[in-house]
Amino acid sequence: MSLKKDIQAEIIHAVETVQQTNPMAGSVTNTVTINFVANAQLAVGGSAAMVYMPDEAQFLSQAGGAAYINMGTIEPVYEKTLPGMAETLHNSAKPWVLDPVAIGIGELRTRLLLAFKSCKPSIIRGNASEIIALAGLWGLDGGTKTSNVRGVDSQDTVSAAKDGAVALARWTGGAVAVSGKQDLVTNGSVVALCHGGSHFMEKITGSGCSLGGVMAVYATAAPAFIAALTGTAVYNLAGSRAAEKTDAPASFQVHFLDELYKAKPRDIAENPFDIEEI
């Protein structure tokens, strides 16, 4: 069996396991998109729990099968919440997903992201500029210490982030997903280029944030690379299908959640992607 066939079989297994077990992946996430993140996690078969207090984050770190930390909106309390949560997850070998939204904006955000380096997130998901900036902040190849992020928007291409993504994946021993017109997912030795989605995903708030939450759900059932690739594939599939049913972003969001819910394991696994071994 080819590598791609093996990967597709693992994607099917991950999707089926999540649908059968309804695993919990708790989140400390962007308050702008918290509702969409939770709804997306529920749509793919997971269970959502959103917190921000330190004791609640510690509880979720121990009780859930995986967790998601999104840096989109930072509150002062996060200086206590996030480092302890990440350390607990790392020490207990539980998978967790980091989305370094708006890296480079503000001292607290920078300090927190620096602290996460030693906690080695299982999956890092971001746009190209965020991935390049995080690799630079952590002193890894392919990165730059000068952020090229405009708010939450990328100013770099996905291909420009490949070296940084590979370096981050090799450092963490997990996976990195770079979102863009063509998505890239890597574990440091294999790179998958994923196709599909819709331009409407750039016109709604939370498509990237919710993807990180969905990857956390799949991380309860699969290794980091498969979890990141499965999340990317179901998003590309649902985005393509939803775009066929509407011509505006608000209705697209509704159709998108419906298509996440309706997506079948084999259809997700067979959504187009190319594999490169490095």
Quick one: which residue in Ala40, Ala49 is more than 12 Å from Val214 (Cα to Cα), in contact with a Leu (Cβ under 8 Å, 6 or more places away or on another chain), at pLDDT 95 or above and not in a loop (DSSP other than H, G, I, E, B)? Ala49
Quick count over region 52-91, residues being modelled with pLDDT of 95 or more, of a type in the set (S, T, N, Q) and closer than 18 Å to Cys209 by Cβ, is 2
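Considering each residue of region 200-221, count those that are part of a helix (DSSP H, G or I), surrounded by fewer than 22 Cβ atoms within 10 Å (Cβ to Cβ) and in contact (Cβ under 8 Å) with a residue 40 or more places away in the chain, and give that number.
Of region 200-221, the ones part of a helix (DSSP H, G or I) are 200-202, 207-219.
Remaining after also requiring surrounded by fewer than 22 Cβ atoms within 10 Å (Cβ to Cβ): 200, 202.
If we keep only those that are in contact (Cβ under 8 Å) with a residue 40 or more places away in the chain as well, we get 200.
Residues that pass the stated criteria total 1.
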Could you check region 222-265 and list, in sequence order, the residues that are among the small types (Gly, Ala, Ser), in a loop (DSSP other than H, G, I, E, B) and surrounded by fewer than 19 Cβ atoms within 10 Å (Cβ to Cβ)? Ala248
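Does Ala161 meet the test of being of a type outside the set (Ser, Thr, Tyr), outside any helix (DSSP H, G or I) and either within 15 Å of the chain's Cα centre (by Cα) or more than 26 Å from Glu56 (Cβ to Cβ) (or both)? Quick ask: steps written out before the conclusion?
Details: of a type outside the set (Ser, Thr, Tyr): yes; outside any helix (DSSP H, G or I): no; either within 15 Å of the chain's Cα centre (by Cα) or more than 26 Å from Glu56 (Cβ to Cβ) (or both): yes.
Criteria not met by Ala161.
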In the list Glu75, Glu79, which residue meets the criterion of being free of Cβ contacts under 8 Å to residues at least 60 places away in the same chain and part of a helix (DSSP H, G or I)? Glu79
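Can you report the number of residues in region 85-118 which are part of a helix (DSSP H, G or I) and more than 17 Å from Thr29 (Cβ to Cβ)?
Let us first name the residues in region 85-118 that are part of a helix (DSSP H, G or I), namely 85-91, 107-118.
Still in the list and also more than 17 Å from Thr29 (Cβ to Cβ): 87-88, 90-91, 107, 110-111, 114-115, 117-118.
Here the count works out to 11.
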Taking Ala57, is it in a strand (DSSP E or B) and more than 20 Å from Asn236 (Cα to Cα)? no
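The values are calculated or read from the model by the stated rules, or taken from the named source; none is laboratory data. Note that the structure is a prediction, hence the values are computed from the model and not measured. Backbone-built Cβ (ideal geometry, glycine too); neighbour counts: all protein chains shown.
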